[in-house]
Ligand SMILES: *[C@@H]1O[C@H](CO)[C@@H](O)[C@H](O)[C@H]1NC(C)=O
């Protein structure tokens, strides 16, 4: 009984906090004028152009091809690629898979994928996560559903692009997964529980959930200890209150910055409104900031960012890829309010915290990837004692972190991360970059160079590679 009350209280509290934060975020969009400022005519025409340019399946935005990949159960992933795979004679090149975050799509990678060197040397694929962009919707966005779908997608891509062909060697067999924001949350789980999928993960400004949780617990418990000390002898330990507050500072900051997560727990009609209200004021505000604090994006750049989030609409319903594939009906007929609900279901349905119950197909698929003995060899040096804490990444990872990210506190996200990384992993920090590292002018080049370094076989120090294009970039952690 008490438990039910507590549960109800808890969910009420979440609703209340959510409402508060939502009001706060709307307040912010209102004071920066976004909410009532009618979008300009220029913006509107740029938006219509960008939506057709990015989502009309017979077009080739940035010289990329639209494709679909259908899984065993009929679920359809939409992705763009520089190279249409030819199953008969796949080009012997490494495969780079890009995974976007919330509330984006493949479009967030438009700059990094522009690298001429990457296009010549690699097969590039930028996917839309389930419920995002042009990919199908899921009934539930549970940890199992999402990670099963992503794993099957990646294993199928490896086949399609011939990665595991026996006559291939070395660099031709490399697979690199590049992820941002929520894409990191999912990719980090893959790196922990399905490390065979890729040779390296390049992860930028997205949280390692188990590390963040452990950091929050640690900071709270040490401030509680300080406060206890204070309550026993208030006079002698006055400074403890100040210390406790200081210790809690990153937690409080993160709580304020993640207010939107609470806002997303709200009743669905409110969430819908949040996504689409004020002529998608929230999206316009996000993309006004996405180019960094010192950059004022043009109407075109903002429109492109928003078009990427909106995905295809009924206008693109009858467009077709070169192999006559179309978007699923459910995807194009959704209003943006509905789509926003799908995208935010990741927050509500436990994608990041739930258990991933692997299917037999997944287990077999992963096992066949490690057949070459590569994984066994990689992990043979690590015994029971250096497996690391729960959620540790078992594949090589390079974390590229914009330190001015207002959405993700660097202390909570990076302190103690070395314990969670496997051998040959690094953290590269970018001192001036914010959350949108794949979009900001300076950081997207650093990110591109790190990906190129990974494709080229990881020669030399990744820190110098980043620093060459981004003064001040440093490797802060190596494992
Ligand atoms: C999609 O693009 C093709 C090729 O540019 C064009 O002919 C067609 O009219 C476009 N379709 C829509 C619905 O905009």
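The values are calculated or read from the model by the stated rules, or taken from the named source; none is laboratory data. Just so we're clear, the structure is a prediction, and the values are computed from it rather than from any experiment. Glycine gets a Cβ as well: all are built from the backbone with ideal geometry, and neighbour counts include every protein chain shown.
Of everything in the range 301-324, what is assigned to a loop (DSSP other than H, G, I, E, B), away from the ligand (no atom under 13 Å from the Cβ) and crowded, with 24+ Cβ neighbours inside 10 Å? Give them in sequence order. Spell out how you get there, then give the answer.
From the range 301-324, those assigned to a loop (DSSP other than H, G, I, E, B) are 311-313, 317-324; that's our starting set.
With away from the ligand (no atom under 13 Å from the Cβ) added as a condition, the list becomes 311, 323-324.
Residue satisfying the conditions is 311 alone.
Here residue 298 clears all of (1) within 27 Å of residue 43 (Cα to Cα); (2) buried (at least 18 other Cβ atoms within 10 Å of the Cβ) except the condition numbered (2).
Kindly establish whether residue 241 is in a helix (DSSP H, G or I), over 36 Å from the mean Cα position of the chain (by Cα) and either farther than 30 Å from residue 473 by Cβ or free of Cβ contacts under 8 Å to residues at least 12 places away in the same chain (or both). Give the derivation first.
Numbers: in a helix (DSSP H, G or I): yes; over 36 Å from the mean Cα position of the chain (by Cα): yes; either farther than 30 Å from residue 473 by Cβ or free of Cβ contacts under 8 Å to residues at least 12 places away in the same chain (or both): yes.
Yes, satisfied.
With respect to residue 418, is the statement that it is farther than 19 Å from residue 207 by Cα, assigned to a helix (DSSP H, G or I), in contact with a strand residue (DSSP E or B) (Cβ under 9 Å, 6 or more places away or on another chain) and outside the structural domain of residue 297 (by the TED database) true? No: the conditions fail for residue 418.
Taking the range 59-86 as the range and being within 16 Å of the ligand (Cβ to nearest atom) and either outside the structural domain of residue 159 (by the TED database) or not in a strand (DSSP E or B) (or both) as the test, the residues that pass are 59, 60, 61, 62, 63, 64.
Scan 439, 451, 465 and give me the residue that is surrounded by 21 or more Cβ atoms within 10 Å (Cβ to Cβ) and in a loop (DSSP other than H, G, I, E, B). Talk me through it step by step, then tell me what you get.
On the way: 451 fails: in a loop (DSSP other than H, G, I, E, B); 465 fails: in a loop (DSSP other than H, G, I, E, B).
Exactly one residue qualifies, and that residue is 439.
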